[in-house]
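Everything on this sheet refers to the single structure shown next.
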Amino acid sequence: MGKLILFCIICLCCNRVSAQKDTLQPYVVSYDEKMVGSITYQNSSNTFFMTYEDGADSYKAEFIPNTQQRLVAGLSYKMIDVSVGFTPNFLKNDGSKLESNNFNLGFRFNYKKWYQSVTFINQKGFFIDFNHLERFYLPRFRSTKLGGTTSYVFNDKFSYKTIFNQNQWQLKSAGSFVPNFSVYYTNLTSKDTPDHVYIDMYTFSLAPSYHYNWVISQKFLVSAGLLVGAGINIADKEVTPLYEASMNIKLGYNTDSFFTYLGINSTSFFQEEGKNEFYDSFADVKLAVGYRFDPPKKFKKLYNEVTRRIGF
């Protein structure tokens, strides 16, 4: 990885509210009228696992991306969310020497009770760990994942946004049942072996979940969610059963101006056929601090004029 990795995320969040007031309801406070600046330590990866049997012998291989860490500076206001990420020297490992990279792009937006997430992960440079005894490095092994999840939140008193961004904050403890439908495309390629690897996989899953925001005090909150579901995986024109497990945890501190939180999100897909098994997981760990402030009057005026012209 080079000395500086730049990426910009423009997240369109369809947050249409009937009144521009801070308090949406007694259970939730909204900060839509505030500009939010933040700095985040982020560790993201998409790891692959494979177990197989050859006669009486059993093997397990783990494909671990080499580059995972970065700092992300973000600035957001209503529908606009722009971030710049880079890896400073104190977070670097062998990534720069081994020519690896890890690029992650994410979007979240919602309409009423419907929420949509979109994830793009592109990784190059993997360590392969065989049975935790041998480890090799494949500099030209690459993975690409593109997909997302559509969710529906039943309970109006539950703030789903509190889990994933800082535009809302839960004021009273509440939870909700949230069904999810996920679609992902994954491509694995490698030119590090005589037989080049090229694998396309499509996963479809339907999974119920439950999320709960536990308000410890006005400023402290613990959020947790668990998802378990099933679906199908399509690879090389073969269809196999698919199982999904996902969890998220967030520990947050919030005032009207300052906030900080630790967030952990992990999703795993399992597929099994006979005695052989292949599955992958993608995880995201964030430690963030941020500040909310009133946007400059000229910027707010320009934003309102542009969104009025395009119909938002």
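Just so you know, all these numbers are worked out from the coordinates, no wet-lab data involved. Since the model is a prediction, treat every value here as computed from it, not as a measurement. Heads up, the Cβs are rebuilt from the backbone with ideal geometry, glycines too, and the neighbour counts pull from every protein chain shown.
If we sort 233-246, 152-165 on the protection proxy, mean other Cβ atoms within 10 Å, highest first, what's the order?
On the way: 233-246: 15.4, 152-165: 18.9.
Per-residue mean Cβ counts within 10 Å order the peptides as 152-165, 233-246.
So what does log10 I(q)/I(0) come out to for the range 200-293 at q = 0.21, 0.22, 0.24 Å⁻¹, using the Debye formula with one equal point on every Cα and no solvent?
At q = 0.21, 0.22, 0.24 Å⁻¹ the computed log10 ratios are -0.99, -1.05, -1.16.
Per residue, how much space in cubic angstrom lies within the convex hull of the C-alpha atoms of the range 100-215? Intermediate results must be reported in sequence, preceding the final value.
Working: hull volume 16.9 nm³, N = 116.
Roughly 146 Å³ of hull volume per residue.
How large, in Å, is the range 109-172 by the Kirkwood hydrodynamic radius built from its alpha-carbon pairs?
On the way: mean 1/r = 0.0651 Å⁻¹.
That comes to 15.4 Å for the range 109-172.
So for the range 165-227, what are the equivalent ellipsoid semi-axes in whole Å, largest first, each being the square root of 5 times an eigenvalue of the Cα gyration tensor? Please list the in-between numbers first.
Working: eigenvalues 331, 48, 15 Å².
Over the Cα atoms of the range 165-227, the semi-axes work out to 41, 16, 9 Å.
Please list the non-local residues whose amide H lies under 5 Å from the amide H of Leu171, H modeled 1.01 Å from N, same-chain partners needing a gap of 5 or more.
So Leu171 has HN proximity to Val28, Val29.
Using modelled amide H (1.01 Å from N, peptide plane; none on Pro or chain starts), what sits under 5 Å from the amide H of Asn155, excluding residues fewer than 5 places away?
Amide H to amide H, under 5 Å and 5 or more residues apart or across chains, Asn155 pairs with Phe177.
Taking the mean number of other Cβ atoms within 10 Å as a proxy for protection, how do you rank 168-180, 205-217, 289-301 from highest to lowest? Please report the intermediate quantities before stating the final value.
On the way: 168-180: 18.2, 205-217: 16.5, 289-301: 12.8.
Averaged packing, sorted descending, gives the order 168-180, 205-217, 289-301.
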